[in-house]
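Q: Here it is, the structure, as structure tokens.
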Amino acid sequence: MNYPEIVRIAETKKETENIKTFRFKYNKKVRPGQFFMVWISGVDEIPMSVSYTDNFKGITVEQVGEATKALFKMKKGDKIGIRGPYGNGFKTPKGKVLFVAGGTGIIPVASLIEKIKKKNAVVVFGAKTKKKLFFMDRIKKSKLLISTDNGSFGYHGFASELVEEALRKEKFNSIITCGPEKMMKKILDLGIKHKIPVQASLERFMKCGIGICDSCAINGYHVCKDGPVFDDKTLGKMKDFGKFKREASGRRVRI
Ligand code: FES
């Protein structure tokens, strides 16, 4: 196992009430959709999607547990350890692309949206409320379709409903999605129905990040090593996709 490279946080940005971005210099090449193992001294090492993939890298973090709480308190100049990048990342799609992000699912997808010519990208972004929308400045050049569950901004309803409408109006060559797994399952089914290839980024509990501990296993695949991005054919073979996941204890629970 590689040792983490110690980097200094160069910039922090509050994105929403409980989401923050941390930028730092890290020279290894990273592809959108890959992740880092981020070591927080004295607390834990956790997987984090890479939100900025140029030389000035970034991770964008939702405060959900002990490690992210500790990370949230860090400031410019503080040190963190970085291993990676790990995982396969997205294959760069060709032609007209429909991006579908739900909530924090925009984190690994934003740098891929920035890579695609704006006339080729339509972005459906759904969040619970207006206050939970972020990265809007990064994606606004593409055609944007926004939904909120409570109707506080954009379409009042779910992102998957906007996707159905977009698929009725336009032809797409590819769909890229990341977000709640139930949403991604709906998007996969729509992709199959319309015969459009789908790439989806999955999230599972991870410990080692390199295919050894088995904690991220789903139906014979390791999300850390074989994924986190899977194509429609592989997703179609995963009986647990959109239905079950494993907790830290290894117990299989319904999503
Ligand atoms: S996190 Fe250990 S096998 Fe994937």
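Q: GluC sites (Glu not before Pro), restricted to the stretch 154-242: which are DSSP loop and have at most 11 other Cβ atoms within 10 Å?
A: Working: sites: Glu161, Glu164, Glu165, Glu170, Glu181, Glu203; in loops: Glu170, Glu203.
Answer in residue order: Glu170.
Q: Using modelled amide H (1.01 Å from N, peptide plane; none on Pro or chain starts), what sits under 5 Å from the amide H of Ile218, excluding residues fewer than 5 places away?
A: HN-HN under 5 Å from Ile218: Val223.
Q: If you don't mind, another one. Got a sec to turn the phi values of the stretch 212-218 into Karplus ³J(HN,Hα) couplings, 6.51 cos²θ - 1.76 cosθ + 1.60 with θ = phi - 60°, whole Hz, x for Gly and Pro?
A: Rounded to whole hertz, the list is 9, 7, 6, 5, 9, 5, 9.
Q: Sticking with this one: Please report the spacing between the Cα centers of the stretch 110-136 and the stretch 1-41 in Å, no decimals.
A: If we compute the Cα centre of each part, the gap is 20 Å.
Q: Using DSSP to define loop residues, name the GluC sites (Glu not before Pro) in the stretch 1-105 whose beta-carbon has at most 15 other beta-carbon atoms within 10 Å.
A: Values: sites: Glu5, Glu11, Glu15, Glu17, Glu45, Glu62, Glu66; in loops: Glu17.
Hits after loop and neighbour filter: Glu17.
Q: Under 20 Å from the Cα of Lys118, which lysines turn up, not counting those fewer than eight places away in the same chain?
A: Lys91, Lys94, Lys96, Lys140, Lys141, Lys143, Lys169, Lys171
Q: Which angle from 0 to 90°, rounded to the nearest 10, does the C-alpha axis of helix 181-193 make with the longest principal axis of the chain?
A: 40 degrees
Q: Take every Cα pair under 8 Å in the stretch 5-86 that's 6+ residues apart, average their separations, divide by the length, and report that relative contact order as a whole percent. Present the calculation step by step, with values, prior to reporting the outcome.
A: Numbers: 175 pairs, mean separation 32.6, N = 82.
Computed value for the stretch 5-86: 40 percent relative contact order.
Q: Cα convex hull of the stretch 127-255: mean projected area in nm², to one decimal?
A: Numbers: hull surface 36.0 nm².
Across all orientations, the stretch 127-255 yields a mean hull projection of 9.0 nm².
Q: Related question: Run the reach check for Lys115 against aspartates and glutamates, Cα to Cα strictly under 14 Å, same-chain hits fewer than 8 apart removed. What comes back?
A: Asp54
Q: OK, next. Report the antiparallel proportion of the DSSP beta bridges in the chain as a percent, rounded to a multiple of 5. Please list the in-between numbers first.
A: Details: 36 of 59 bridges.
DSSP beta bridges in the chain are roughly 60 percent antiparallel.
Q: I need the phi-derived Karplus couplings for the stretch 150-165: 6.51 cos²θ - 1.76 cosθ + 1.60, θ = phi - 60°, integer Hz, Gly and Pro marked x.
A: Computed from phi, the couplings for the stretch 150-165 are 9, x, 6, 7, x, 5, 8, x, 9, 4, 4, 5, 5, 5, 4, 5 Hz.
Q: Moving on. Extension gain Lys91-Ile255, at 0.36 nm per residue separation less the Cα-Cα distance, in nm? Walk me through the intermediate numbers first.
A: Numbers: separation 164, 0.36 × 164 = 59.04 nm, distance 2.68 nm.
Separation in residues times 0.36 nm, less the Cα-Cα distance, equals 56.4 nm.
Q: Something else now. How large is ³J(HN,Hα), in whole Hz, for each residue of the stretch 29-35 in order, when computed from phi with the Karplus curve 6.51 cos²θ - 1.76 cosθ + 1.60 and θ = phi - 60°, using x for Gly and Pro?
A: Listing the rounded values in order: 6, 10, 9, x, x, 7, 9 Hz.
Q: Okay, moving on. Take the alpha-carbon positions of the chain, form their convex hull, and give its projected area averaged over all directions (one quarter of the hull surface) in nm².
A: Details: hull surface 51.6 nm².
Reported value for the Cα convex hull: 12.9 nm².
Coordinate-derived values only; no laboratory data. Keep in mind that what you see is a predicted model, and the values were worked out from it rather than measured. A quick note on method: Cβ atoms are made from the backbone with ideal geometry, for glycine too, and the neighbour counts reach across all protein chains shown.
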